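Here's the structure we're looking at; comments come further down.
Values in this text are rule-based calculations from the coordinates and carry no lab data. Because the structure is predicted, anything quoted here is derived from the model rather than measured. Cβ atoms come from the backbone with ideal geometry, glycine included; neighbour counts cover every protein chain shown.
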């Protein structure tokens, strides 16, 4: 929401004038005002006052449909709950409820695309609404929009990439001789790694992103539970140092190949030659290589990530929603 304020003039020039009418959180409360919330000054009601986030969401959308039908060109739900790598919930239920209520949905959560892309995309299509998730992989870098909007008549045949900032920074530090635990603690203190870093270091985050990429780009129908997965640990340091001595770099690489029911994804440690575009990535840098026909191999690199970039992805998706409504598509 802070980024919406910062970009208010730029968004207005694009015909986008967002109004925040509702906020619901798991732990910090919720609030709703059909005319718009002063979210900087408001005191959120306790979550118990309006029910759980899903119940609050459904109630708020129904109120908007009945009370504000002429006030807004589009009703958009922004879903940013944390990932449950075992099920994709509660994000999937939030997306499904919003679409059923006639709202467009944008999310930075990997769960919906990684666990239920095909069904949710179908529901969005039937409802004539958007289901967008550019922030789910590589923060604000336009992976999905790159293919969707600028690569017509191409077929994506595979991908490979370094897509987890925490593990890449850890590997970069370990090959310099730094110890695993102090580096991880430093990353947690600076907010790069989560308080519970297991999603990153055990490879689950990369697996979820790989599943999302495969479902969208390779027409697969898989979940992170279907992804062959390897992580990193204290013991990985010896492999990283040994690789560096051989003029190689050890990276945690997600790879997807095949299409449809034959598509498969794996997350594995790989030693890469220094000429490989993934080998040059240091610290929190990410990159994705896309294999396509007839364009061949394309590489898009993110030199630095962060929450502001993820927020920008949500803003970019918001602009896409408004443009679709404006064009009647």
Angle between the chain longest axis and helix 307-327 axis [Cα atoms, degrees, rounded to 10]: 50
Least to most buried among 9, 205 (fewest other Cβ within 10 Å first): 9, 205
Value at 222 nm in deg cm²/dmol, rounded to 500, when DSSP H runs of n ≥ 4 in the chain each add -39,500 (n - 2.57): -12000 deg cm²/dmol
Exposure proxy ranking, count of Cβ atoms within 10 Å, fewest first, for 187, 138: 187, 138
With Cα atoms, 0 to 90° folded angle of helix 180-189 axis to the chain main axis: 20
Rounded to 5, the percent of DSSP beta bridges in segment 146-303 classed as antiparallel: 95
Two-site label geometry, residue 126 and residue 28: point separation in nm, points 7 Å out along Cα→Cβ: 3.6
Degrees separating the helix 53-67 axis from the principal Cα axis of the chain, which is the longest one: 40
Inter-label distance, nm, simple model (7 Å from Cα along the C-beta direction), residue 198/residue 148: 3.3
Residues 133, 56 arranged by fewest to most Cβ contacts within 10 Å: 56, 133
Sites residue 38 and residue 293, calculated FRET efficiency, Cβ-Cβ separation with R0 56 Å, nearest 0.05: 0.60
Gaussian network model of the chain, Cα within-10 Å springs - most flexible of 30, 247, 228: 247
R0 of 41 Å, Cβ-Cβ distance residue 176-residue 221: FRET efficiency to nearest 0.05: 0.50
Relative contact order (%) - segment 146-303, alpha-carbon pairs under 8 angstrom, separation at least six: 33
Contact order normalised by residue count of the chain, Cα under 8 Å, 6+ apart, percent: 18
Approximate spin-label separation residue 2-residue 257, in nm, with each point projected 7 Å along Cα-to-Cβ: 4.4
